Amino acid sequence: MAPRRAPSKVAVFAHIADQAEGHHFVPAGLLGREASAGRETVSFAYGTRYLQRSNAIEVDPRALTLAQARQAEPGTVWYPLPEVNEFGGIRDAAPDAWGRRVIEAQLNAAPNSLDEFTYLLEAGSDRVGALDVREDTKSPARKGAGGLIDLPYLLQVADAVENGEPIPANLQPYLGGVPSAGGARPKASVREADSVLWLAKFPSKTDTLNMAVLEAGALEIARAAGLSVPPVKVIAVGGKPVLLIRRFDRYWAPAGQPLAAMARGYDTEPMPGYTEGRIAQVSALTLMGCPEMESMAKGYKDLAQTIREQVVASCVKADNEELFARMVLNIFLTNDDDHLRNHAFAYDTQLQGWRLSPLYDVVPRASVSMERRLHLSVGTQGKLATLDNAMSEFSAFVADRPTALDVIRRVWGAVRGWKNIYEALGATPDLIRTLEQAVRSLSDIASPALEKDIRRGVDAKAA
């Protein structure tokens, strides 16, 4: 299939909950591009009817705020933040590295050779969040995700893409939920028989470890620590391990009813008369208004400040405490893939504001080094992955030192049971030995004085 010529304008749709019309997509506006000073730039104009909707969601929470657009003249054209040069909200709805590779294989195109609008259009309608991108306002939704029964065929698709081969014609019908999946590893969105949407993560030909069990175990440790984590399970498909993570950007409710305030989509289930709603999502990179090239210089303290400035007021305290716990967990597990695209925010339509999304993409990494670092800065000692460094700026996250110590104790309590969690998931002795080089003991990451303070609280509770 030859890639068609990309248009100069595309339509952006938003999925809304409407009591009269149900859960459905409506046109939100037009994304265009134009040449200026020898370079191409994008622009966006909200639709007049969309701005009149009380249930409208922002296409980009920083550059395309509804409040600003509603005060402007109808049809006003908006541009990205000067330092960012793209609309982060739309970029978050675009395919990531894996999705781009699938689209290129599908269209027999060379790596990174397609127009950005082509990648946006080819990602399909089951993409992350509540946005969709189509050729025009009359275009229908693209084919959505297939079922769990399709997993053997999707694994064949993944093999073809990883080997740099075109996707065979007999596998093309199974591609509905593949290009929309983010990240760099092979994956696809699939539906169970009851239509609940899951993200399926496949093994890669370069894997030396069981990545499905590796990630599932880390997420179960996080759940044991009281963090917000979607349901996960590991299944075998053709003898290969596949990790299933319930998509937390979907929910089930009576037709047109919004998700209840503070609720998580994965706590809802299909029932007679219920339809699927969507929860808007943006990456931390987008909510911070941060250019990609500057993201490596950011830290958890910056993210905490963004929570204070951008998150709905009633969620700030809990979200910053959870963020601190996630940082501590990453230190314990040596998860150094904690970049700003691996933190996200969900839009709560009832609270009319953003809140921290559930946790995802936590993968322990084995290391023989005693001095380890995270991707984001931890504290006054930069990226150094120690609890002393985390405590150096605890006030950015929680009210006082005792609260910070309690958070560490809670995470540590969950981490101490890591072997039981992994063994319950079927981890082999070899994987356990590898994890022993990833999961760190308290004495490895805390000074004697801090370790004493942490243990003192545990001993006091035991007494």
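Observations, loosely collected:
- The one condition in (1) under 17 Å from ALA212 (Cα atoms); (2) in contact (Cβ under 8 Å) with a residue 40 or more places away in the chain that LEU450 fails to fulfil: (1)
- Residues being in a loop (DSSP other than H, G, I, E, B), of a type outside the set (Val, Ile, Thr) and closer than 30 Å to ALA346 by Cβ - total across the stretch 136-172: 9
- Residue list for the stretch 48-66, restricted to those being under 20 Å from GLY129 (Cα atoms) and touching a Gly at 6+ places or on another chain (Cβ under 8 Å): TYR50, GLU58, VAL59, ASP60, PRO61, ARG62, ALA63, LEU64
- The one condition from (1) in contact with a Phe, Trp or Tyr (Cβ under 6 Å, 6 or more places away or on another chain); (2) farther than 21 Å from SER367 by Cβ; (3) among the charged types (D, E, K, R) that ASP400 does not meet is (1).
- Yes/no for MET296 being out of contact with any strand residue (DSSP E or B) (no Cβ under 8 Å at 6 or more places or on another chain), touching a residue at least 12 places away in the same chain (Cβ under 8 Å) and surrounded by fewer than 18 Cβ atoms within 10 Å (Cβ to Cβ): yes
- Checking the stated criteria, ALA67 turns out to be outside any strand (DSSP E or B), surrounded by fewer than 12 Cβ atoms within 10 Å (Cβ to Cβ) and within 27 Å of the chain's Cα centre (by Cα).
- When residues of the stretch 343-354 are limited to those that are buried (at least 20 other Cβ atoms within 10 Å of the Cβ) and assigned to a strand (DSSP E or B), the one nearest to the chain's Cα centre (by Cα): ALA344
- Single match in ARG308, ARG341 (criterion: farther than 30 Å from LEU435 by Cα, among the charged types (D, E, K, R) and in contact with a helix residue (DSSP H, G or I) (Cβ under 7 Å, 6 or more places away or on another chain)): ARG308
- Within the stretch 203-286, strands (runs of 3 or more DSSP E) holding 3 or more residues that are hydrophobic (A, V, I, L, M, F, W, C) and over 18 Å from the mean Cα position of the chain (by Cα): 232-237
- When PRO258, PRO230, PRO254, PRO241 are checked against the criterion of being at pLDDT 95 or above and closer than 29 Å to ASP406 by Cα, a single residue qualifies: PRO230.
- Qualifying residue in the stretch 199-206 (condition: small (Gly, Ala, Ser) and in contact with a strand residue (DSSP E or B) (Cβ under 7 Å, 6 or more places away or on another chain)): yes
- Whichever residue in the stretch 363-407 is of a type in the set (Ser, Thr, Tyr) and touching a strand residue (DSSP E or B) at 6+ places or on another chain (Cβ under 6 Å) and, among such residues, is nearest to ALA216 (Cα to Cα): SER377
- Within the stretch 177-229, considering residues that are in contact (Cβ under 8 Å) with a residue 60 or more places away in the chain and among the polar types (S, T, N, Q), the one surrounded by the fewest Cβ atoms within 10 Å (Cβ to Cβ): SER195
- Strands (runs of 3 or more DSSP E) wholly inside the stretch 1-62 that include at least 2 residues being touching a residue at least 60 places away in the same chain (Cβ under 8 Å): 9-18, 22-36
The values are calculated or read from the model by the stated rules, or taken from the named source; none is laboratory data. Since this is a predicted model, take the numbers as computed values, not measurements. Note that we place each Cβ from the backbone using ideal geometry, even for glycine, and neighbour counts take in every protein chain shown.
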